[in-house]
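A short reminder: the numbers here are calculations on the coordinates, not readings from a lab. Predicted model, so just to flag it, every value in this text is computed and none were measured.
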Amino acid sequence: MSKKNIPDSKGFVYSTDPNFKFETEETSAVTLPPAKQKLRIQLDKKQRGGKMVSLVTGFIGSDDDLQDLGKKLKTACGTGGSAKDGEIIIQGDQRDKLLQWLQKSGYANTKKL
């Protein structure tokens, strides 16, 4: 498949112009430094079959950095979880461990709700 046949975000699929090039939009989320992040830790059990999870919200940054922070938090708590859509979900009531780890790691504006 040639580069002329790859669809772009505006709906163009093919062009007969030999000099045609798609305009790619570069979107990169800038991750705030830990001291400027305002993270909130709360206990949640909605839509989870009655299971308790600790929910970390308020992360501003790229998805890769969110995944990395989620992995570090899961390791620190010794439990499973996931990180997507700007939220980190840690299984169980781990709010105290999360707050302690985040503050030790430089996330000073973190609060437990």
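Karplus-derived 3J(HN,Hα) values for the stretch 55-70, using 6.51 cos²θ - 1.76 cosθ + 1.60 with θ = phi - 60°, are 10, 9, 10, x, 6, 10, x, 6, 5, 5, 5, 5, 4, 5, 5, x Hz; glycine and proline are entered as x.
For residue 21, the lysines whose Cα falls under 18 Å of its own Cα, not counting residues fewer than eight places away in the same chain, are 3, 4, 10. From the square roots a ≥ b ≥ c of the eigenvalues of the alpha-carbon gyration tensor of the stretch 48-90, which class results: rounded (a/c under 1.5), prolate (a/b over b/c), or oblate? Because a/c hits 1.5 or more and a/b fails to exceed b/c, the stretch 48-90 counts as oblate. Taking a threshold of 21 Å on the Cα-Cα distance, which of the pairs 46/104; 45/112; 45/104; 46/72 fall above it? With Cα atoms farther than 21 Å apart: 46/104; 45/104; 46/72.
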